[in-house]
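Report on the structure given below.
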Amino acid sequence: MAHCHGPDLTETIKGDKRIVLAGNPNTGKSVFFNYLTGLYVDVSNYPGTTLEISHGRIGSDVVVDTPGVYGISSFNDEERVARDIILSADLVVNIVDATNLERDLFLTQQIIDTGIPVLLVLNMMDEADRHGFTINVELLSELLGVPVIPAVAVKKIGLSELKDNLSLARPGNVTPGVQHLLDAMIGRVANKGEALLLLEGDNIIADRHGLEPGEYREEIYSRRRERVNIIVGYAVEMDSERKSFSQTLSGLMIRPITGIPMLALILFGMYKAIGVFVAQTVVGVTEETIMIGMFEPAVRELIGEFTALDSPLGQILVGEFGVFTMTFTYVLGLLMPLVAGFYFFLALFEDSGYLPRLATLVDRLLTGMGLNGRGVIPLILGFGCVTMATITTRLLASERERIIAIVLLGLTIPCSAQLGVIAGILAGLGGQYVAVYVLAVFSVLVMAGTALNALLPGNSSDLLIDLPPLRVPRLDNVIRKTATKSYNFIKEATPLFALGALLVSVFQLTGILKFLQNLLAPITVGFLNLPPEAATAFIMGIVRRDFGAAGLANMSLSSIEATVALITITLFVPCIAAILVLFKERGKKEAAIIWGGSWVVAFLVGGMVAQLFNLFGQESGAAAPLVMVSFIFMTTIIAVVCSVVKSRKRKSIVV
Amino acid sequence: MTLDRVKKGQSVKILSISDGLMRIQAIRFGFAEGAVINCEEVIPAGPIVIRRCGQQVALGRQMAGKIDVAIN
Ligand SMILES: Nc1nc2c(ncn2[C@@H]2O[C@H](COP(=O)(O)OP(=O)(O)OP(=O)(O)O)[C@@H](O)[C@H]2O)c(=O)[nH]1
Ligand SMILES: [Mg+2]
């Protein structure tokens with residue numbers, strides 16, 4: 001499967017016919033894509049899962065999955081991408097949510113107005129039935145002028161009907177009152193689709209043809225809305241709705257009084273499951289018993305046949321940081337179970353429909369940091385993999401929000417592998433150190449967010465998010481997603497870990513490691529109060545932070561030392577893969593600033609925690625609470641100053 | 001009255017939307033001027049959750065302040 005992005009996209013995907021799957025967000029497009037092509041792209045229950053164009057084949061035709069959009073215009077990046085793909089389609093399979101026809105048919109009617117042949121799939125018929133909707137499929141088809149196939153994608157109903165009837169797609173009935181406008185425009189541009197968007201004032205299409213954008217947007221939109229409402233009025237009958245259990249639950253998730261305790265409970269459950277059960281019980285078996293107890297001796301014995309174990313080569317291959325021993329012990333024994341555990345929970349988050357509710361709950365908090373509630377989605381997914389989450393920031397509405405989210409991701413969000421190790425170490429330290437760790441990292445998140453919000457020009461957009469119904473996650477999808485992502489983790493992490501292990505071994509053998517430890521000593525020993533060997537973990541952390549964290553796991557540190565080291569490694573530079581994505585998405589300069597800034601922030605904050613512990617007396621029981629109070633104090637001051645600066649700025653713009 | 005003043009459980013009719021871009025988005029979402037919506041949830045100092053038919057949407061408070069409504 002190919003993922004691509006960019007302007008050349010429309011040319012690079014070739015086939016006899018191009019079949020484009022289009023529809024509003026979260027209507028099931030990706031389920032259909034997976035069925036038609038036999039590939040697997042992510043399916044989740046929140047709007048904005050698909051952000052990259054994927055394509056696959058069906059016979060000699062090509063099928064394209066697109067990000068969900070509410071219309072084809074140029075409101076944001078996703079819409080621009082989806083627009084170009086849709087305009088280049090030979091036929092569009094428009095997937096709509098049968099419970100949301102008033103919303104979804106707007107896009108349907110817009111695509112019909114472009115003159116492209118359309119086949120309508122009425123998905124989620126199971127939920128429409130449950131909500132007491134009766135849809136007259138023939139009438140709907142007649143009114144729109146295109147064939148309509150009812151479906152329940154997750155129960156495999158309607159999938160093969162779609163596949164067999166693709167050739168029935170045809171241009172539908174244009175919105176009344178729009179045709180004559182189109183006729184006047186059509187001689188001037190290549191096709192009806194562009195003519196339509198030009199009339200609707202699409203700047204980019206206008207630029208391409210060197211024409212002025214049209215001024216009929218509101219008029220056409222209003223006519224289309226009216227038309228859709230009429231169609232729905234005729235074709236859909238609704239029972240007055242009863243309040244279901246899932247709606248009650250949804251309300252409880254959104255309201256702060258119940259939502260916050262619920263969130264805390266979920267996080268605590270995750271901590272118990274991953275930090276305690278997986279990190280200790282499971283990893284105890286996989287790392288200690290299997291990898292260190294059985295795998296490593298076997299490898300050593302094998303390598304011992306060819307070279308002496310204490311020779312430099314032996315050291316590099318199977319020594320303390322051996323390429324064959326450490327790489328596999330860390331990746332398979334230590335990290336793999338943790339990563340799988342995390343992805344499992346994230347998949348539950350994604351598939352249940354909890355994320356949009358969480359976005360609503362935390363909206364107030366995030367607006368202070370220049371994000372709206374939607375920003376919580378990339379931040380949460382960052383706990384899976386920061387690299388993937390950086391791409392997810394595309395679902396944010398403005399450039400400003402993307403920058404803020406990307407900085408916060410790179411700086412403060414530990415990825416699953418790293419967090420797993422961290423949770424494992426923290427669980428052994430006791431509650432107050434867990435609290436110091438969480439609070440310190442959270443403070444940095446708030447401080448960085450409010451500061452960026454005050455410094456960056458412009459204003460962020462307001463929340464506007466669909467809350468899809470809560471659904472019981474489908475086990476097969478959860479497992480498939482967990483497996484796919486865990487496999488990708490192994491594929492990506494193994495070579496980097498091997499490289500890291502090789503580097504560290506070579507450094508150790510040549511004495512460079514000692515040299516670097518001494519070089520960093522003023523910071524690690526002097527400021528962070530850590531033993532000099534801790535520098536090794538940070539050097540490993542440059543490759544990947546989880547590698548660094550794993551290095552810390554095998555060091556004997558006091559509780560305070562461990563807390564300081566963990567805070568520092570969490571805030572440390574994003575892994576190589578994340579930096580590469582940053583380069584691609586944001587350019588060299590921003591990537592370099594984020595990378596360099598992480599060094600400064602990590603050591604500064606880690607050092608501050610260490611020094612505060614010193615100040616309040618390492619041994620005293622009051623030290624940890626006092627450290628926390630200091631951080632709360634600091635964060636409050638920064639947040640207040642930043643919000644004053646921000647509101648000044650806003651006023652000076654208004655005046 | 002604007003939408004951010006509406007109480008939980010009230011049903012209101014949208015009269016006008018002052019922000020141009022927001023008006024266009026509202027037309028696409030299906031709660032254009034003239035639509036009747038239900039206020040499902042009001043988060044203190046936070047978003048307003050509205051429902052129209054089967055669809056539930058969370059709206060930021062500032063945005064809600066730009067939508068004029070009348071109790072239905
Ligand atoms: N009950 C029910 N759920 C469905 C049906 N089809 C899809 N879903 C669920 O709807 C959610 C969205 O499915 P996706 O395929 O990710 O939707 P999408 O259109 O690709 O969404 P975006 O990529 O966000 O635009 C998932 O949780 C699916 O399991 C259906 O027919 N019935
Ligand atoms: Mg999708």
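Where the eigenvalues come from the Cα gyration tensor of segment A:243-340, what are the semi-axes √(5λ) of the equivalent ellipsoid, largest first, in whole Å?
Three semi-axes, in Å: 48, 11, 10.
Using only Cα atoms, figure out Rg for segment A:424-537 and give it as a multiple of 2.2 N^0.38 Å.
For segment A:424-537, the normalised Cα radius of gyration is 1.65.
Classify segment B:3-71 from the C-alpha gyration tensor, please: rounded if a/c falls under 1.5, else prolate or oblate depending on whether a/b exceeds b/c.
The shape class here is rounded.
Roughly how many debye, to the nearest 20, is the charge dipole of chain A about its Cα centre, given +1 on each Lys and Arg Cβ, -1 on each Asp and Glu Cβ, and no other charges?
For chain A, the charge dipole is close to 1140 debye.
Per residue, how much accessible surface does chain A expose to a 1.4 Å probe? Answer in Å², no decimals.
Per-residue accessible area for chain A comes out at 40 Å².
Can you run phi through the Karplus equation (6.51, -1.76, 1.60; θ = phi - 60°) for segment A:373-387 and list ³J(HN,Hα) in whole Hz, with x for Gly and Pro?
So the Karplus estimates, Gly and Pro as x, are x, 3, x, 5, 5, x, 5, 5, 5, x, 5, x, 8, 4, 4 Hz.
Taking the Cβ-Cβ separation of A:ILE292 and A:LYS491 as r and a Förster radius of 25 Å, what is the calculated FRET efficiency to the nearest 0.05?
My answer for the efficiency is 0.60.
What spacing in nm lies between the two simple spin-label points modelled at A:VAL506 and B:THR2, each 7 Å away from Cα in the Cβ direction?
A separation of 6.2 nm, rounded to one decimal place.
Pairs of alpha-carbon atoms within less than 8 angstrom and 6+ residues apart define the contacts here; what relative contact order does chain B have, in percent?
Computed over chain B, the figure is 45 percent.
Can you list the lysines whose alpha carbon is less than 19 Å from that of B:LYS7, not counting same-chain residues fewer than 8 positions off?
A:LYS243, B:LYS66
Just in segment A:187-243: which GluC sites (Glu not before Pro) are loop by DSSP and have at most 16 other Cβ atoms within 10 Å?
A:GLU215, A:GLU241
Looking at segment A:201-231, which residues lose a minimum of 50 Å² of accessible area between their chain alone and all protein chains in place, measuring with a 1.4 Å probe and not counting ligands or nucleic acids?
A:GLU218, A:ARG225
Between A:ARG170 and A:GLU138, take the C-beta separation as r, use R0 = 22 Å, and let me know the FRET efficiency to the nearest 0.05.
0.90
When the accessible area of segment B:3-71 is split by element with a 1.4 Å probe, what percent falls to carbon and sulfur?
Summing carbon and sulfur atoms, their accessible area is 49 percent of the total for segment B:3-71.
What's the carbon and sulfur percent of segment A:8-238's accessible surface, probe 1.4 angstrom, rounded to a whole number?
48
By the scheme Lys and Arg +1, Asp and Glu -1, what is the net charge of all other residues having a beta-carbon under 12 Å from that of A:LYS29?
Net charge in that neighbourhood comes out at -4.
Just to confirm a number: summing +1 for Lys and Arg and -1 for Asp and Glu over residues other than B:LYS66 whose beta-carbon lies under 11 angstrom from that of B:LYS66, what do you get?
Value of the local net charge: -2.
At a Förster distance of 41 Å, what's the computed FRET efficiency of A:PHE442 paired with A:THR281, Cβ-Cβ distance as r, to 0.05?
0.90
In terms of the Cα gyration tensor, with a ≥ b ≥ c the square roots of its eigenvalues, is segment A:8-238 rounded because a/c is under 1.5, prolate because a/b exceeds b/c, or oblate?
Note, shape of segment A:8-238 comes out oblate.
Quick check on the protein assembly as shown: helices-only [θ] at 222 nm, where DSSP H runs of length 4 and up contribute -39,500 (n - 2.57) each and the sum goes over total residues. Nearest 500, please.
About -17000 deg cm²/dmol.
At a probe radius of 1.4 Å, figure out the B/A buried accessible area, summed over both chains, and give it in Å² to the nearest 100.
2900
Taking the Cβ of A:ILE266 as the center, what net charge do the other residues with Cβ under 14 Å away carry, scoring Lys and Arg +1 and Asp and Glu -1?
Taking every other residue near A:ILE266 into account, the sum is +1.
For segment A:479-576, what does the alpha-carbon gyration tensor say about shape, rounded, prolate or oblate, given a ≥ b ≥ c as the root eigenvalues, a/c under 1.5 as rounded, and a/b over b/c as prolate?
oblate
Over 29 Å between Cα atoms: which of A:LYS156/A:LYS485; A:LYS155/A:LYS485; A:LYS163/A:LYS491 fall into that group?
A:LYS163/A:LYS491
Find the Cα radius of gyration of chain A, compare it with 2.2 N^0.38 Å by division, and give the number to two decimals.
Relative to the 2.2 N^0.38 Å estimate, chain A comes out at 1.07.
From Cα pairs below 8 angstrom and at least 6 apart in sequence, can you work out the relative contact order of chain A, rounded to a whole percent?
Relative contact order, chain A: 11 percent.
The values are calculated or read from the model by the stated rules, or taken from the named source; none is laboratory data. What you are looking at is a predicted structure, and each value in this text was computed from that prediction instead of being measured. Every residue, glycine as well, gets a Cβ built from its backbone with ideal geometry; the counts of neighbours run over all protein chains shown. All accessible areas refer to the heavy atoms of the entire protein, side chains included, with ligands and DNA or RNA removed. Shrake-Rupley method; radii C 1.70, N 1.55, O 1.52, S 1.80 Å.
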